[in-house]
Amino acid sequence: MNLENLGNIIIEQAKEKGWGVQPDKISVSEKIALVHSEITEAYDAFQKNNIDGKDGFQEELSDVLIRTVHLAKVFNSPLEESDIAFPENIHEQVAQLHKITSDAYEKYRHKKEDEFAKGLAHLINALIKYSKIHEFNLEEETLKKIKHNNDRTWDKDKLNEQLFKAG
């Protein structure tokens, strides 16, 4: 997987969509919450045997990768593959993804940005490992999702306004 190329594409999309590309221009807690949410959506899709296609396991893991690589690029995390041992049981994998995400955020909260960046790299490598275990091309799926995102309108203020009206 060419993580550096993927990261550059994601940062360009982040610029276009207004997701922020500098540490002081994003809410890390919001981004981490979204990563957790995408992990849960991937697990839900897996449980429903919705593996590929819209809102499927593969697409949701692509969302996790996009959000994580976005943060990694913003915080200059190393984008390189490494071999990491992880469980093959889906329940343990999901728990591990949540734990890695939470541990990374704890490093951020305690102002340990270098360790936060390493935690993001660890999460990226876990996602790559899981895609291999589940036998799908995460890079290809992520590029499809990026292309889909290009056609979507992102108006965060409008979305928040709708949320508060509904609540």
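Here, each number is a calculation from the coordinates, and none is a lab measurement. Please read all numbers here as calculations on a predicted model, not as lab measurements. Cβ: placed from backbone, ideal geometry, glycine included. Neighbour counts: every protein chain shown.
Just grab the label-to-label distance for residue 5 and residue 98, each label 7 Å out from Cα along the Cβ direction, in nm (one decimal).
Result for the modelled spin labels: 3.6 nm.
Over the stretch 1-73, what relative contact order in percent results from Cα pairs under 8 Å that are six or more residues apart?
It rounds to 34 percent for the stretch 1-73.
Kindly provide the helix-only [θ] at 222 nm of the chain, computed as the sum of -39,500 (n - 2.57) over DSSP H runs of four or more divided by all residues, to the nearest 500 deg cm²/dmol?
Value at 222 nm, helices only, nearest 500: -23500 deg cm²/dmol.
Can you pull out the GluC sites (Glu not before Pro) in the stretch 39-83 that DSSP calls coil and that have at most 15 other Cβ atoms within 10 Å?
80, 81
Considering only Cα-Cα distances, which of the following residue pairs are longer than 24 Å: 15/48; 25/129; 17/147; 73/145?
Table pairs above 24 Å Cα-Cα are 15/48; 25/129.
Under 20 Å Cα to Cα from residue 99, which aspartates and glutamates show up? Leave out anything in the same chain fewer than 8 places away.
Partners within reach: 30, 38, 41, 44, 60, 63, 81, 83, 88, 113, 114, 115.
Test of understanding: in a Gaussian network model of the chain with alpha carbons linked when under 10 Å, which of 26, 39, 124 would top the mean-square fluctuation ranking?
Of 26, 39, 124, the most mobile in the Gaussian network model is 26.
Once you keep just the Cα pairs under 8 angstrom separated by 6 or more residues, what percentage relative contact order results for the chain?
Averaging sequence separation for qualifying contacts and normalising by length gives 27 percent for the chain.
Just rank 127, 79, fewest to most, by other beta-carbon atoms within 10 angstrom.
The fewest-first ordering by Cβ neighbours comes to 79, 127.
List 112, 132 from most exposed to least, where exposure is judged by having the fewest other Cβ atoms within 10 Å.
So the ranking, lowest neighbour count to highest, is 132, 112.
How much length would be gained if the chain were fully extended between residue 110 and residue 54, taking 0.36 nm per residue of separation minus their Cα-Cα distance, in nm to one decimal?
Working it through step by step, the gained length comes to 16.4 nm.
Contour minus end-to-end for residue 152 and residue 81, with contour as 0.36 nm per residue of separation and end-to-end as the Cα-Cα distance?
Net length gain for the segment: 22.6 nm.
Which one is right for this structure if Cα extents along the principal axes in Å is calculated from it: (1) 41, 36, 32; (2) 71, 35, 31; (3) 66, 48, 31?
(1)
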